[in-house]
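For reference, the structure is listed below as structure tokens.
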Amino acid sequence: MSDRIADIWGARTPHGRGTVWPARVDLHLADGLGEWEVDRWVQSACLLCSNGCGCDIAVKDGRMVGVRGRATDVVNHGRMGPKGLYGSTPWARSADRLTRPLVRDNGRLVETDWDTAMGRVVEVSRRLLAEKGPLSHGFYTSGQLFLEEYYALAMIGKAGVGTPHMDGNTRLCTATAAAAFKESFGADGQPGSYTDIEYCDAIFLYGHNMAETQTVLWMRILDRTRSADPPVIVCVDPRRTPVAQEAERTGGVHLAPRVGTNLALMNGLTRELFVNGWIDEAWVQAHTLGVDDLRTSVERYHPDEVGRICGIDPDDLRRAARIFGESERVLSTVLQGFYQSHQATAAAVAVHNLHLLRGLIGQVGSGILQMNGQPTAQNNRECGADGDLTGFRNWDNEQHVRELADLWNVDPLTIPHWAPPTNAMQIFGYAEEGSIGLLWISATNPAVSMPESARIRRILGGDQCFVVVQDLFLTETAQLADVVLPAAGWGEKSGTFTNVNRTVHLSEKAVDPPGEAKSDLDILLLYAAAMDFRDLDGAPLIGWSTPEEAFDAWRETTRGRPVDYTGLSYAKLRGPTGIPWPVNDGAPEGTDRLYADAVFPTATDYCETYGHDLLTGAAVTEQEHRAMRPDGRAFLKAAAYTPAHEEPGDDYPLLYTTGRTVYQFHTRTKTGRSRSLNRAAPDAWVELSVPDAERLGITEGDVVRVESPRGAIEVRARVGHVMAGAVFAPFHYGSWDPTGANCDGRQANELTMTVWDPVSKQPYFKTAACRVVKVRDGDGPAPAPTTAASASASPGVPATGGGAATVSRVVDTPVYPNDPAQTVPAGGA
């Protein structure tokens, strides 16, 4: 038994290079229940980070009462993280669940029935389509729905309404991952595999505090770094996270670049590979394009110049480059520190460049994981409920559009493809000016998560746009809506979803949703039926009604595309483990890693995009792309570093950056309703370095005011381990609080900017200028946890703990399909 709030990653099970990660089953049940008291266990996978851990839901007396990891699942080998253990089910029993639709009458939201609520939505929708056409509609969705729901939404938006104004909050967390894959390899899709951890010599983590954002994957790394033959860790992060500490412990490097200078750092690392001859020239010549331009572009990024720009020791840069250049097998992971920062796509692509220059891709132990921040972000991208075209098709390829139109039996001109799809930042801009008159928001809370929060609240609360929200609770966003539709959550509906390394899981319905709440799929189908969307033959546009039927229809749209699901079915997914796509006749048990043959989906007639200039975002034309004759070769792309949009100055001398804590997920809609998780991180805070705090006269727990040119927050200060000159704030906290306290003035995104990367269109949450002023003395330490990156540098701060007891037990390790240790002869990996 253990307290997994205090002991985030649980007990270690070290193992040697090239051996299977041992299985350990983690279990937590509510109210002191024993396993023998559970009525039944229902197959699922965890939805509280992007790792996609296979699990079973415990059901007792018709309620979800806990979870246990699945030992047979390839993703987690039975383990669960604190959010999964403590946060998976309490929200479902919360007394403030939405159980009936709400409509706004005389300025107030009041309960009503489904016919009235949907009737109001349909009336507005039909009127706007008649008066203004499809550009009057916008859809903003999530990274937490099921694949089947995204697919239905994509059909409704693209073939029913016909609007290009579709995106998700995946734009805030994972758009750069998708963009970078397309720019380098021609299509989305993670090249690497979690199993690369078992084989690599070095692991580079770029802007990725994996110890808090993907706790189970970090357990997997710890079980290798604590073995007799550990990989070396290199960490790129302005904070001294547990990842940075492990880098120091393994003899690696912690590079802490100044916020907003990631691309300069990456250009410096790339230059070192060229200068020291750590290039596989023959492989590069055979399988890539652009090496000469890249070599010329990075030439001026000498370690001394990079040190000046980034504020790092030039010798640390040299040492990190040597580790990458001389290691036989390297795994790289990337997350929000790169994605939400300055020149995001260029920096993420630079990670690809390093691997391509050495030919370290598609091999066991050498991979790239451009991580997702959300559990089903991959499905949003695959299905095209965001700014992508369904099935990794190319908006600019007329044949791809015709293929999709034929699958849906609609006129190709119905599917909007005359201009680039509208990104989330533009969608809210159009809603602000009223050209989007109906904005439908599902399973996300932009009033807290979007940059420049005050502006977003004004948009959602204005009369110029009719706002529909479907969600589990009356979130800060739902409170501003015109119609609120009560949705079923995880465990209350069935569907599939795909994690970071392409592993598809089936989540079965365990219990009924409360009251009149409906699954997101049923809500979307209800709208489609009420709008009477039809295909070319006059039949209903959507001719299926169940999740499994939706999956089967989706599967057919993937045939022949990189994201091939044709070999999958619900029956196959009811097995012991999730399965990584592509799954087809050639790979009936799935595919652990992509590009083993060094052939990339870059052919002009096949690729998902023709690419962009990384500095300006200017699109490459079909003719330009065809003239390069990529023919299966990857692109090496370069861009010069430029300073961030907002640099520190006399008025705002510090750099403000936002991020996450291990105990909360997104805007706490679920985790904030878990007693254990909320006790561990109950309220907002900001982190200052020791020298900055001393200079400003601030001590641990003092109340401070943090101001940017856009807004301000007043929260308590943690004097911790962020780099000097930077201020860190967790973005999870809005105005809602489980205690009912007044929590205005603590929302991190009051200070962030409405600017975005020119290629991925992902906004910058990591680069803003700010100042910090002490308001008053504190009456105790900041509410930040002490267990990870937010640990205090001040003595005497009580340790974080208090989670209900969990059970962890090491079990016999099953056979995992696709694991090289079990599928490749000894010495053959």
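The values are calculated or read from the model by the stated rules, or taken from the named source; none is laboratory data. Just so you know, these numbers come straight off a predicted model, no measurement behind them. In this analysis, Cβ positions are derived from the backbone assuming ideal geometry, glycine residues included, and neighbour counts consider all displayed protein chains.
Just one of the listed residues (601, 630) is touching a Ser or Thr at 6+ places or on another chain (Cβ under 7 Å) and farther than 30 Å from residue 727 by Cα, namely 630. Of all residues in region 206-262, those that are among the acidic types (Asp, Glu) and out of contact with any Pro (no Cβ under 8 Å at 6 or more places or on another chain) total 4.
If the condition is being closer than 19 Å to residue 54 by Cβ and of a type in the set (Phe, Trp, Tyr), then region 202-219 contributes only 218. If you go through region 361-389 and pick out every residue that is in a loop (DSSP other than H, G, I, E, B) and more than 19 Å from the chain's Cα centre (by Cα), you end up with 4. Here residue 532 fulfils each of the conditions (1) surrounded by fewer than 18 Cβ atoms within 10 Å (Cβ to Cβ); (2) outside the structural domain of residue 149 (by TED's automatic domain parsing) apart from (2).
Taken together, the residues in region 539-549 that are in contact with a strand residue (DSSP E or B) (Cβ under 8 Å, 6 or more places away or on another chain) and assigned to a helix (DSSP H, G or I) amount to 1.
Taking the conditions exactly as written (in contact with a Phe, Trp or Tyr (Cβ under 7 Å, 6 or more places away or on another chain), among the charged types (D, E, K, R) and either part of a strand (DSSP E or B) or buried (at least 22 other Cβ atoms within 10 Å of the Cβ) (or both)), does residue 295 satisfy them or not? Taking the combined requirement at face value, the residue does not satisfy it. Scanning region 232-259 for residues that are over 21 Å from residue 329 (Cα atoms) and either among the aliphatic types (A, V, I, L, M) or touching a Lys or Arg at 6+ places or on another chain (Cβ under 7 Å) (or both) gives 256, 259. Every condition in (1) touching a Leu at 6+ places or on another chain (Cβ under 6 Å); (2) part of a loop (DSSP other than H, G, I, E, B) holds for residue 420 except the one numbered (1). Residues that are touching a residue at least 12 places away in the same chain (Cβ under 8 Å), part of a loop (DSSP other than H, G, I, E, B) and farther than 14 Å from residue 488 by Cβ within region 95-105 comprise just one, 96. Of all residues in region 694-735, those satisfying the criterion of being among the charged types (D, E, K, R) and assigned to a strand (DSSP E or B) are 705, 707, 714, 716, 718. All conditions in (1) of a type outside the set (Gly, Ala, Ser); (2) buried (at least 18 other Cβ atoms within 10 Å of the Cβ); (3) under 30 Å from residue 661 (Cβ atoms) hold for residue 121, with the sole exception of (3). Number of residues in region 502-546 that are touching a Pro at 6+ places or on another chain (Cβ under 8 Å) and of a type in the set (A, V, I, L, M, F, W, C) equals 6. Looking at residue 54, is it touching a residue at least 24 places away in the same chain (Cβ under 8 Å) and either under 18 Å from residue 574 (Cβ atoms) or touching a helix residue (DSSP H, G or I) at 6+ places or on another chain (Cβ under 9 Å) (or both)? For residue 54, the condition - touching a residue at least 24 places away in the same chain (Cβ under 8 Å) and either under 18 Å from residue 574 (Cβ atoms) or touching a helix residue (DSSP H, G or I) at 6+ places or on another chain (Cβ under 9 Å) (or both) - is met. Filtering region 331-373 to residues that are of a type in the set (S, T, N, Q) and surrounded by 24 or more Cβ atoms within 10 Å (Cβ to Cβ) leaves 332, 333, 336, 340, 341, 343, 345, 353, 366, 370, 372.
Which of the residues that make up region 321-356 are part of a strand (DSSP E or B) and polar (S, T, N, Q)?
Here is the first cut: in region 321-356, the residues part of a strand (DSSP E or B) are 330-334.
Those that are part of a strand (DSSP E or B) and polar (S, T, N, Q): 332, 333.
Please determine whether any residue of region 451-463 is closer than 29 Å to residue 535 by Cβ, of a type in the set (Lys, Arg) and assigned by TED's automatic domain parsing to the domain that holds residue 124. Looking through region 451-463, none of the residues is closer than 29 Å to residue 535 by Cβ, of a type in the set (Lys, Arg) and assigned by TED's automatic domain parsing to the domain that holds residue 124.
Within region 803-818, restricting attention to residues that are assigned to a loop (DSSP other than H, G, I, E, B) and modelled with pLDDT of 90 or more, the residue that is surrounded by the fewest Cβ atoms within 10 Å (Cβ to Cβ) is 812. Every listed requirement among (1) within 29 Å of the chain's Cα centre (by Cα); (2) outside any helix (DSSP H, G or I) is met by residue 301 save one, (1).
Considering 122, 38, 75, the condition of being touching a Gly at 6+ places or on another chain (Cβ under 7 Å) and at pLDDT 95 or above is satisfied by 75 alone.
Pairs meeting the criteria (first residue in region 796-824 and under 30 Å from residue 674 (Cβ atoms), second residue part of a loop (DSSP other than H, G, I, E, B) and of a type in the set (Asp, Glu), beta carbons under 8 Å, at least 6 apart or on different chains) are 797/700.
If the condition is being under 30 Å from residue 509 (Cβ atoms), outside any helix (DSSP H, G or I) and charged (D, E, K, R), then region 106-150 contributes 111, 113.
If the requirement is being crowded, with 21+ Cβ neighbours inside 10 Å, part of a helix (DSSP H, G or I) and of a type in the set (Gly, Ala, Ser), which of these qualifies: 454, 447, 405? Every option except 447 fails the conditions. Summed over region 151-170, residues that are in a helix (DSSP H, G or I) and closer than 15 Å to residue 408 by Cα total 11. When we screen 88, 50 for residues that are outside the structural domain of residue 680 (by TED's automatic domain parsing) and touching a strand residue (DSSP E or B) at 6+ places or on another chain (Cβ under 6 Å), the only hit is 88.
Considering region 225-252, and only residues there that are crowded, with 23+ Cβ neighbours inside 10 Å and among the charged types (D, E, K, R), the residue that is nearest to residue 687 (Cα to Cα) turns out to be 239. Among residues of region 114-140 that are of a type in the set (Lys, Arg), those with a beta-carbon under 7 Å from a residue that is outside any helix (DSSP H, G or I) at least six positions away or on a different chain give the pairs 120/103; 120/483; 132/437. With the requirement that a residue be touching a Pro at 6+ places or on another chain (Cβ under 8 Å), modelled with pLDDT of 95 or more and not β-branched (Val, Ile, Thr), what does region 125-164 give you? If the condition is that a residue be touching a Pro at 6+ places or on another chain (Cβ under 8 Å), modelled with pLDDT of 95 or more and not β-branched (Val, Ile, Thr), then 134, 135, 140, 146, 148, 158, 162, 164 are the ones that fit.
Between 712, 684, 693, the distinction of being under 21 Å from residue 666 (Cα atoms), at pLDDT 95 or above and surrounded by 22 or more Cβ atoms within 10 Å (Cβ to Cβ) belongs to 684 only. When residue 491 is tested against the conditions (1) over 23 Å from the mean Cα position of the chain (by Cα); (2) part of a loop (DSSP other than H, G, I, E, B), the lone failure is (1). Criterion first (of a type in the set (Gly, Ala, Ser), assigned to a helix (DSSP H, G or I), within 23 Å of residue 349 (Cβ to Cβ) and free of Cβ contacts under 8 Å to residues at least 40 places away in the same chain) does residue 282 satisfy it? For residue 282, the condition - of a type in the set (Gly, Ala, Ser), assigned to a helix (DSSP H, G or I), within 23 Å of residue 349 (Cβ to Cβ) and free of Cβ contacts under 8 Å to residues at least 40 places away in the same chain - is met.
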